[in-house]
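Shown next, in structure tokens, is the structure this report addresses.
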Amino acid sequence: MEHRRIGKLEVSVVGLGCNNFGWRIDKKATGAVVDEALAAGINFLDTADMYGTGQSEEFLAEALGGRRKSIVLATKFGFSMGEGKSGASPAYIRQAADASLSRLKTDYIDLYQLHTPDPNTPIAETLDALGYLVKTGRVLEIGCSNFSAEQLREAEAAVQQGAPRFVSVQNQYSLIHRAPEADVLPECERQNVAFLPYFPLASGLLSGKYRKGQPSPDNSRGKDGWGPAFFTETNLDFVELLDDFAASHGHSLLELAVSWLAAQPQVASVIAGAKTPEQAKANAEAANWQLSKEDLSQIDAIVMQTA
Ligand code: NAP
């Protein structure tokens, strides 16, 4: 498994998104997914305080046990946990970080990310509070999520000399959703900020198990009615074309989806979610296709064809 940098952290190019834990799968199933992901070479796990209202962090801690120090652990704060406060004020950050550390049963978080911009707190105050967490060793690196290019520039401008800056941004990005290419990815390149693509499989649409004219498989997000924005007729048409392209090169759609993200230089880790050990293993193995410039151009042409 290739490794890439997020600030001073070294992460596997395929990571594990943990938003199913505590919400769609229980503690035992979480343990099985984590065991398989680690066995397959994944060392980067991305969760958030709000996933499963705290249970993702709790189940993850239990699943990792003594292996915590051998992995790179990312979590997030800022969205409401159901009741009480949210946001990115210094007081809330102190409270949220303590709560995550306690649920994760650890004394440090490798990458602590602001889940969403807080329009009510000046970014300089947020950075100051996060900087204190770094200074006191409770956090190694800081990142942000759902930030625009403009918000990345504002954050960069607010960093005090010698103080920590955001080393990553986590936004939606996949073959189905390429909006970051317009401005966020170029801004990441300019600032040398790592990009973490969320919904990399478009909620499973790019796994290859959804086919035009066929019902969604049982026990899948498509069947659950989750994320209906992904499972549209237009997207299913696009999937057919992508699948044909992958097959003509001896690869699967899943390999195309993961390898295409890995081919983007700013992408540090493809944090695909998994509900079963088999999915975690397949995703870990899917970054195996070195796409050529010509392959990438042909994929762009398929996009143009369906736009
Ligand atoms: P995703 O990675 O696009 O899709 C994951 C889902 O696809 C799985 O739960 C599974 O669903 C299906 N799947 C995955 N691998 C598969 C395989 N090999 N074969 C068949 N089906 C497969 O979406 P996501 O998990 O929601 O997003 C990834 C991560 O991004 C999250 O876990 C979270 O860490 C992060 N995230 C961040 C934000 C943010 O605002 N920062 C927002 C969303 C997500 P089924 O088995 O149920 O079909």
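The values are calculated or read from the model by the stated rules, or taken from the named source; none is laboratory data. Predicted model only: the values in this text are computed from it and were never measured. Please note: Cβ atoms are built from the backbone with ideal geometry, for glycine as well, and neighbour counts cover all protein chains shown. For the accessible areas, the whole protein counts, side chains as well, though only heavy atoms, and no ligand, DNA or RNA atoms are used. Shrake-Rupley method; radii C 1.70, N 1.55, O 1.52, S 1.80 Å.
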Might you let me know whether the stretch 167-177 holds any residue that is part of a loop (DSSP other than H, G, I, E, B) and either in contact with a strand residue (DSSP E or B) (Cβ under 6 Å, 6 or more places away or on another chain) or without any contact (Cβ under 8 Å) to a residue 12 or more places away in the chain (or both)?
-> yes
Pick out the one residue from SER292, SER248, SER252, SER269 that is farther than 17 Å from LEU196 by Cβ, of a type in the set (Ser, Thr, Tyr) and surrounded by 13 or more Cβ atoms within 10 Å (Cβ to Cβ).
-> SER252
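Before we move on, is SER174 under 30 Å from LYS281 (Cβ atoms), under 19 Å from the mean Cα position of the chain (by Cα) and within 12 Å of the ligand (Cβ to nearest atom)?
yes
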Residue that is most open to solvent (accessible area, probe 1.4 Å), among those in the stretch 88-147 that are of a type in the set (Asp, Glu) and more than 24 Å from ASN43 (Cα to Cα) = ASP128
Inspect all residues belonging to the stretch 74-81 and state whether any of them is touching a helix residue (DSSP H, G or I) at 6+ places or on another chain (Cβ under 6 Å) and open to solvent by 50 Å² or more (accessible area, probe 1.4 Å).
-> no
Given the conditions (1) within 14 Å of the ligand (Cβ to nearest atom); (2) touching an Asp or Glu at 6+ places or on another chain (Cβ under 9 Å), report the number of the one that SER145 does not fulfil.
-> (2)
Please work out which residue is farthest from the chain's Cα centre (by Cα), limiting yourself to the stretch 243-266 and to residues that are within 12 Å of the ligand (Cβ to nearest atom) and either charged (D, E, K, R) or not in a helix (DSSP H, G or I) (or both).
-> SER252
Could you list all residues from the stretch 51-65 that are at negative phi and surrounded by 21 or more Cβ atoms within 10 Å (Cβ to Cβ)?
-> TYR51, SER56, GLU57, PHE59, LEU60, ALA63, LEU64
From (1) closer than 18 Å to GLN160 by Cα; (2) β-branched (Val, Ile, Thr); (3) under 20 Å from the mean Cα position of the chain (by Cα), pick out the condition that doesn't hold for ILE109.
-> (1)
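A quick yes/no check of all residues on (1) away from the ligand (no atom under 15 Å from the Cβ); (2) farther than 21 Å from LEU291 by Cβ; (3) surrounded by fewer than 21 Cβ atoms within 10 Å (Cβ to Cβ):
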{"position": "GLU181", "(1), (2), (3)": "yes, no, yes"}
{"position": "PRO197", "(1), (2), (3)": "no, no, no"}
{"position": "GLY204", "(1), (2), (3)": "no, yes, no"}
{"position": "GLN214", "(1), (2), (3)": "no, yes, yes"}
{"position": "LEU241", "(1), (2), (3)": "yes, no, yes"}
In this structure, is GLY137 within 28 Å of ALA263 (Cα to Cα) and not in a helix (DSSP H, G or I)?
-> no
For SER297, all conditions in the list (1) open to solvent by 40 Å² or more (accessible area, probe 1.4 Å); (2) of a type in the set (S, T, N, Q); (3) in contact (Cβ under 8 Å) with a residue 12 or more places away in the chain hold save one; what is the number of the exception?
-> (3)
